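Enquirer: My questions all concern the structure below.
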Amino acid sequence: MSTETPILHVDMDAFFASVEVVRRPELRGRPVVVGGEGDRGVVAAASYEARAFGVRSAMPSTRARRLCPDIVFLRGDHRLYGEVSGRIMEVFRRYTPLVEPLSLDEAFLDVSGASRLHGSPEKVAAAIRNDLSESESLTCSVGVAPNKFLAKLASGQAKPKAGLAGPVFGTGIAVVAADGVEAFLDPLPVQAVWGVGPRTFERLERFGVRTVADLRGVPADTLVSALGRAVGSQLWRLARGIDDRAVEPEQVTKSVGHEETFARDLADPLEIRRHLVRMVDAVARRARSAGVAGRTVSVKLRYPDFTTMGRSHTLADPTDLAVEILEVATGLVDSVDTTPGIRLLGVSLGNLQDGSVRQLRFNDIEVAEGRAPGWRAAEGAVDEIRERFGNNAIGPAVADELGPKEIGDSQWGPDV
C-alpha cells in the first residue's frame, strides 16, 4: 500500500451482542439481541445469527420477535461495555498514540509512525485483530486507507456476512491503496458518501446520480447550485476520495445526558418529577466524574403520537450540581403540556467546559468561612458514599429508588 498518512478504522463486530456471548458462552451460535424486549423496546445490537433473519439495530423489538421467534433478548450492561471498550482502546494505543475513539466500539488510528516498530499498516491491522481475539475473544473489522472517509468505508466492506449457520468471516481487513481510490469508490452506491441522506439522494437522482462514479461526473458548480456551497463542495471532494481531516486523539465531551422510554405513558406530574430527579442525579454525577461543568440544560419529551419536543436554557455560569440542573430542568418540563402523557423523557447538560474552573459566587465565600455547608460539599459527600458503598447506598429523597440512572437504563426501551 502506498500512502503518506495511513489511517485505520477499527470497528468491533456486533459489539454489545458479542460481549454478552463472551460473558455467556452458552449463547454462542444462538440469535442474540441486546435491547428492550417490551412492546416499546428497540434493538440496540444483534448477533450475526440474528441478522440472518433480518434483525437489525434500531428495529422495533416486536418486529424482531416476529422475524425470529427463537431470538434471545438481553437487557444489556453498559457499564460492562464501557470497561471492555476501555481495554480495547488500550490495545490500539500499543501501536500508536494517535487514537480517535468514535464510540465504544470503533476508532480511527493514525499509524504513520508505527511502521519501523510494527511494520506496514496491514500488519498493524492484523496484529490488532489478533490481540483482541486473544485478550477479549472478540473480532473486529479494519479498513486501511489514506484518509478517514475511505478507511471507514473500507472497514464496512471487511465486515463478516450474516449466515444461518453463523457469521461468515473473511480476512477482516480491507485495504484501499492511494492509487486505487477511484476503483474502490466507483461501484459504491452514492448513499455510501457521508452527507447523502434521503433528501439529498432525491436531488441527486434528478441528475441521474446513483453511484459514486455518477457523482464524480457532476460538475462542482452544479452540485453547489443544487445542494448549497457546503454540501455541494463536500460531495465533490468525497466523490474523489479527498478528506483532509486528521486523527484527533483528544476528543472533547460535548454533552452529558440521559433519556428513557417508559413502559406506559406518564401523565402524573409527581411521577414525571421522580424520574426527572434520578436522571438529573445521574447527569450531574457523570459530569463531575468527567471533570466537566455545563451552562446549557436541555430536556426532551416525546408524546404518545411520537411528537418530540425539546426545551433548553443557558445559565450565566457553568454547573455540575444536581440541585442547580434540577431547578432549570423542572422549569423546562413545567413549561410543556404533559397532560396527554409522555412516553420518553430526557435531560442533558451541554456547552461544557473544564469543571475545575468556576466563577466564584457569594455562597462559595460563605462556605469557605464556615457559615454554610454548601451544595457542592453535600453532593461531593454523596459521590464519596456511592464510591465506597455502591450506587444504591444513598439518593434523593423524592426519587423512588436510591441509585442514579445508569447509562443504558431503558435506553433502548422498557422490557415490559
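The values are calculated or read from the model by the stated rules, or taken from the named source; none is laboratory data. Because the structure is predicted, anything quoted here is derived from the model rather than measured. Cβ coordinates were reconstructed from backbone atoms using ideal geometry, including for glycine residues, and neighbour counts include every protein chain displayed.
Enquirer: Report yes if some residue within the stretch 15-37 is under 30 Å from Ser112 (Cα atoms), modelled with pLDDT of 95 or more, in contact with a Leu (Cβ under 8 Å, 6 or more places away or on another chain) and surrounded by fewer than 24 Cβ atoms within 10 Å (Cβ to Cβ); otherwise report no.
Expert: Within the stretch 15-37 (the criterion being under 30 Å from Ser112 (Cα atoms), modelled with pLDDT of 95 or more, in contact with a Leu (Cβ under 8 Å, 6 or more places away or on another chain) and surrounded by fewer than 24 Cβ atoms within 10 Å (Cβ to Cβ)), the answer is yes, since at least one residue qualifies.
Let's see how each residue does on (1) touching a residue at least 40 places away in the same chain (Cβ under 8 Å); (2) out of contact with any His (no Cβ under 9 Å at 6 or more places or on another chain); (3) in the same structural domain as Ala45 (by TED's automatic domain parsing):
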residue: Ser57; (1), (2), (3): no, yes, yes
residue: Pro69; (1), (2), (3): no, yes, yes
residue: Met89; (1), (2), (3): no, yes, no
residue: Glu100; (1), (2), (3): yes, yes, no
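Enquirer: Assess whether Ala154 counts as being of a type in the set (A, V, I, L, M), at pLDDT 95 or above, part of a helix (DSSP H, G or I) and within 21 Å of Leu98 (Cβ to Cβ).
Expert: Answer is yes for this residue.
Enquirer: Are there any pairs, at least 6 apart or on different chains, whose C-beta atoms fall under 7 Å, with the first in the stretch 237-258 and more than 27 Å from Gly346 (Cβ to Cβ) and the second part of a loop (DSSP other than H, G, I, E, B), and if so, which?
Expert: As it stands, the answer is Leu238/Val193; Leu238/Trp194; Ala239/Val193; Asp243/Asn147; Val247/Leu98; Pro249/Pro97; Pro249/Leu98, since those pairs meet every condition given.
Enquirer: What single numbered condition from (1) in a loop (DSSP other than H, G, I, E, B); (2) surrounded by 19 or more Cβ atoms within 10 Å (Cβ to Cβ) fails to hold for Ser57?
Expert: Only one criterion is unmet by Ser57, namely (2).
Enquirer: Given the criteria modelled with pLDDT under 95, in contact with a helix residue (DSSP H, G or I) (Cβ under 7 Å, 6 or more places away or on another chain) and farther than 24 Å from Arg273 by Cα, does Gly370 qualify?
Expert: On the way: modelled with pLDDT under 95: yes; in contact with a helix residue (DSSP H, G or I) (Cβ under 7 Å, 6 or more places away or on another chain): no; farther than 24 Å from Arg273 by Cα: yes.
So Gly370 does not fit the description; no.
Enquirer: Further question on the same structure: Among Lys148, Lys159, Lys152, which is the only one that is of a type outside the set (Gly, Ala, Ser), in contact with a Lys or Arg (Cβ under 6 Å, 6 or more places away or on another chain), in contact (Cβ under 8 Å) with a residue 60 or more places away in the chain and surrounded by 15 or more Cβ atoms within 10 Å (Cβ to Cβ)?
Expert: Details: Lys159 fails: in contact with a Lys or Arg (Cβ under 6 Å, 6 or more places away or on another chain); Lys152 fails: in contact with a Lys or Arg (Cβ under 6 Å, 6 or more places away or on another chain).
Every option except Lys148 fails the conditions.
Enquirer: Still on this structure, please answer the following. Of (1) in contact with a Pro (Cβ under 9 Å, 6 or more places away or on another chain); (2) part of a helix (DSSP H, G or I); (3) under 18 Å from His9 (Cα atoms); (4) among the aliphatic types (A, V, I, L, M), Ala213 satisfies all except one. Which?
Expert: Just one mismatch for Ala213, condition (3).
Enquirer: Search the stretch 12-41 for residues that are without any contact (Cβ under 8 Å) to a residue 12 or more places away in the chain and pair each with any residue that is hydrophobic (A, V, I, L, M, F, W, C) when their beta-carbon atoms are under 6 Å apart and the residues are at least 6 apart or on different chains.
Expert: Pairs found: Arg28/Val21.
Enquirer: Out of the residues in the stretch 243-259 that are touching a helix residue (DSSP H, G or I) at 6+ places or on another chain (Cβ under 7 Å) and over 20 Å from Val292 (Cα atoms), state the one that is surrounded by the most Cβ atoms within 10 Å (Cβ to Cβ).
Expert: So in the stretch 243-259, the residues touching a helix residue (DSSP H, G or I) at 6+ places or on another chain (Cβ under 7 Å) come out as 243, 245, 253, 256-258.
Restricting the remaining residues to those that are over 20 Å from Val292 (Cα atoms) gives 243, 245.
Numbers: Asp243: 18, Arg245: 11.
Applying the filter and picking the extreme gives Asp243.
Enquirer: Another one. Please work out which one of (1) in a loop (DSSP other than H, G, I, E, B); (2) of a type outside the set (Lys, Arg); (3) modelled with pLDDT under 90 is the condition Thr261 fails and give its number.
Expert: So the condition that Thr261 fails would be (1).
Enquirer: While we're on this one: Would you confirm whether or not the stretch 127-139 contains a residue that is in a loop (DSSP other than H, G, I, E, B), more than 23 Å from the chain's Cα centre (by Cα), hydroxyl-bearing (Ser, Thr, Tyr) and outside the structural domain of Ala45 (by TED's automatic domain parsing)? Write out each step before concluding.
Expert: Within the stretch 127-139, the subset in a loop (DSSP other than H, G, I, E, B) is 137-139.
Adding the requirement that they be more than 23 Å from the chain's Cα centre (by Cα) leaves none.
No, the stretch 127-139 contains no residue that is in a loop (DSSP other than H, G, I, E, B), more than 23 Å from the chain's Cα centre (by Cα), hydroxyl-bearing (Ser, Thr, Tyr) and outside the structural domain of Ala45 (by TED's automatic domain parsing).
Enquirer: Which one is farthest from Gly228 (Cα to Cα), of the residues in the stretch 185-207 that are hydrophobic (A, V, I, L, M, F, W, C) and not in a helix (DSSP H, G or I)?
Expert: Of the residues in the stretch 185-207, the ones hydrophobic (A, V, I, L, M, F, W, C) are 185, 188, 190, 192-194, 196, 201, 204, 207.
Going one step further and asking which of them are not in a helix (DSSP H, G or I), we end up with 188, 193-194, 196, 207.
Working: Leu188: 23, Val193: 16, Trp194: 15, Val196: 13, Phe207: 15 Å.
Filtering the stretch 185-207 for residues that are hydrophobic (A, V, I, L, M, F, W, C) and not in a helix (DSSP H, G or I), the one farthest from Gly228 (Cα to Cα) comes out as Leu188.
Enquirer: Please tell me if Ser137 is farther than 19 Å from Ala46 by Cα, of a type in the set (Ser, Thr, Tyr) and at pLDDT 95 or above. Reasoning before the result, please.
Expert: Details: farther than 19 Å from Ala46 by Cα: no; of a type in the set (Ser, Thr, Tyr): yes; at pLDDT 95 or above: yes.
In short, no.
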